[in-house]
Amino acid sequence: MAARMMRLNSSAPRVSPRVPSRRPSGVNLRGNSGGRHSLQVCASYEAGVGLLANKAGMTSVFTENGELVPVTVLALGEGNVVAQVKTKDTDGYDAIQVGYECTQERRISQPELGHLKKLGCPPMKHLQEFRLESIPENFGEDAPCEPGAKLPIGDMFKEGDLVDVKGTSVGKGFQGAIKRYGYHRGLMTHGSKSHREMGSTGCGTSPGRTYPGKGMPGRMGGKTVKIRGLTVVKVDVENNYILVKGSVPGKPGNLLRVTPAKIVGKNIPK
């Protein structure tokens, strides 16, 4: 009887349990036009044409309500000039290349000099590209979207607008883990001799090693940082500077990239 049952069990087909799929049926992640896919697409271009400026320093101003607000002065120097207009027909994507701070020909590389001469632009110390969803017809009444046109700050930014400022943070050199990552220090008394050491970096038995990415002493600062959602307090067209509320990366004289802020639901789809 037992042998007969074994033969019956061996002849029966084996059915493996069905593992439920992690992806819901009928959902095409690659083909969706909304949701996370739309955010990834919008992350590849800016919300609008931006500017290049230098950090002049910080000060404070009084608002109409009598509130004292700390602001950063963004000096634009001689202004920004359109160096090149890229379109989907010629370059495969829409973008505007902006030049900032005129310089001598011997101070830039030969490829950049030939590139600017071909476009009919003077030698520029800094060139930045702003990738857009579509090329605007003009930036203002007297500023057409063509090479050599000067970007009008009065038409591009208004008081109360939100901007994103990108720059290089102040370098602080080699620092310990307490200053670099905010670790707690050790005891200052009770016989402790390790006041500001970082301590253990992992267990001995398991995992028996230090995980990659563990915060340790090293060089601090000097990295690209973007501060999002700063409010424009004032735009001075005559003196060519912009006041933004709060602080921006870097020390005075640092080069900054100022672009319209990306706001979900306004210039980025939900």
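Given the criteria part of a loop (DSSP other than H, G, I, E, B) and surrounded by fewer than 15 Cβ atoms within 10 Å (Cβ to Cβ), does residue 114 qualify?
Spelling it out, it is not the case that residue 114 is part of a loop (DSSP other than H, G, I, E, B) and surrounded by fewer than 15 Cβ atoms within 10 Å (Cβ to Cβ).
If the Cβ limit is 7 Å and pairs must be 6+ apart or interchain, which residue in region 169-187 that is without any contact (Cβ under 8 Å) to a residue 12 or more places away in the chain and more than 18 Å from residue 250 (Cβ to Cβ) pairs with which residue that is small (Gly, Ala, Ser) and assigned to a loop (DSSP other than H, G, I, E, B)?
Hits for this filter: zero, empty list.
Of 214, 270, 193, which residue is outside any helix (DSSP H, G or I), surrounded by 11 or more Cβ atoms within 10 Å (Cβ to Cβ) and modelled with pLDDT under 95?
Going through 214, 270, 193 in turn, the sole match is 214.
Taking residue 83 as meeting all but one of (1) within 26 Å of residue 262 (Cβ to Cβ); (2) free of Cβ contacts under 8 Å to residues at least 60 places away in the same chain, write down the number of the exception.
(2)
Do any strands (runs of 3 or more DSSP E) entirely within region 25-103 hold 2 or more residues that are modelled with pLDDT of 90 or more and under 21 Å from residue 131 (Cβ atoms), and if so, which?
Fully inside region 25-103 and qualifying: 51-62, 95-102.
Give the residues of region 117-134 that are surrounded by 15 or more Cβ atoms within 10 Å (Cβ to Cβ) and either acidic (Asp, Glu) or assigned to a loop (DSSP other than H, G, I, E, B) (or both), sorted by residue number.
121, 123, 132
Scan 204, 208, 222 and give me the residue that is part of a loop (DSSP other than H, G, I, E, B), in contact with a strand residue (DSSP E or B) (Cβ under 9 Å, 6 or more places away or on another chain) and not aromatic (Phe, Trp, Tyr).
Going through 204, 208, 222 in turn, just one is part of a loop (DSSP other than H, G, I, E, B), in contact with a strand residue (DSSP E or B) (Cβ under 9 Å, 6 or more places away or on another chain) and not aromatic (Phe, Trp, Tyr): 222.
Going by the structure shown, is residue 170 in contact with a strand residue (DSSP E or B) (Cβ under 9 Å, 6 or more places away or on another chain), closer than 30 Å to residue 101 by Cα and of a type in the set (A, V, I, L, M)? Walk me through it before giving the result.
Numbers: in contact with a strand residue (DSSP E or B) (Cβ under 9 Å, 6 or more places away or on another chain): no; closer than 30 Å to residue 101 by Cα: yes; of a type in the set (A, V, I, L, M): yes.
Spelling it out, it is not the case that residue 170 is in contact with a strand residue (DSSP E or B) (Cβ under 9 Å, 6 or more places away or on another chain), closer than 30 Å to residue 101 by Cα and of a type in the set (A, V, I, L, M).
Only one of these is surrounded by 12 or more Cβ atoms within 10 Å (Cβ to Cβ), in contact with a His (Cβ under 7 Å, 6 or more places away or on another chain) and of a type in the set (Gly, Ala, Ser): 171, 186. Name it.
Checking each option against the conditions leaves just 186.
Among the residues of region 179-236, which ones are more than 30 Å from residue 72 (Cα to Cα) and among the hydrophobic types (A, V, I, L, M, F, W, C)? Explain how you work it out, then say what you get.
Quick first cut of region 179-236, residues more than 30 Å from residue 72 (Cα to Cα) only: 183-217.
Residues satisfying the conditions are 187, 188, 198, 203, 216.
Give me the pairs: first residue in region 145-156 and touching a residue at least 12 places away in the same chain (Cβ under 8 Å) and surrounded by 14 or more Cβ atoms within 10 Å (Cβ to Cβ), second residue in a helix (DSSP H, G or I) and not acidic (Asp, Glu), beta-carbon distance under 6 Å, and six or more apart or on different chains, which are they?
Note: pairs meeting the criteria are 147/119.
Could you list all residues from region 225-267 that are in a loop (DSSP other than H, G, I, E, B) and surrounded by fewer than 14 Cβ atoms within 10 Å (Cβ to Cβ)?
Within region 225-267, 237, 238, 239, 251, 252, 253, 263, 265, 266 meet the criteria.
The values are calculated or read from the model by the stated rules, or taken from the named source; none is laboratory data. In this text the structure is predicted, and so the values were computed from the model without any measurement. Cβ atoms come from the backbone with ideal geometry, glycine included; neighbour counts cover every protein chain shown.
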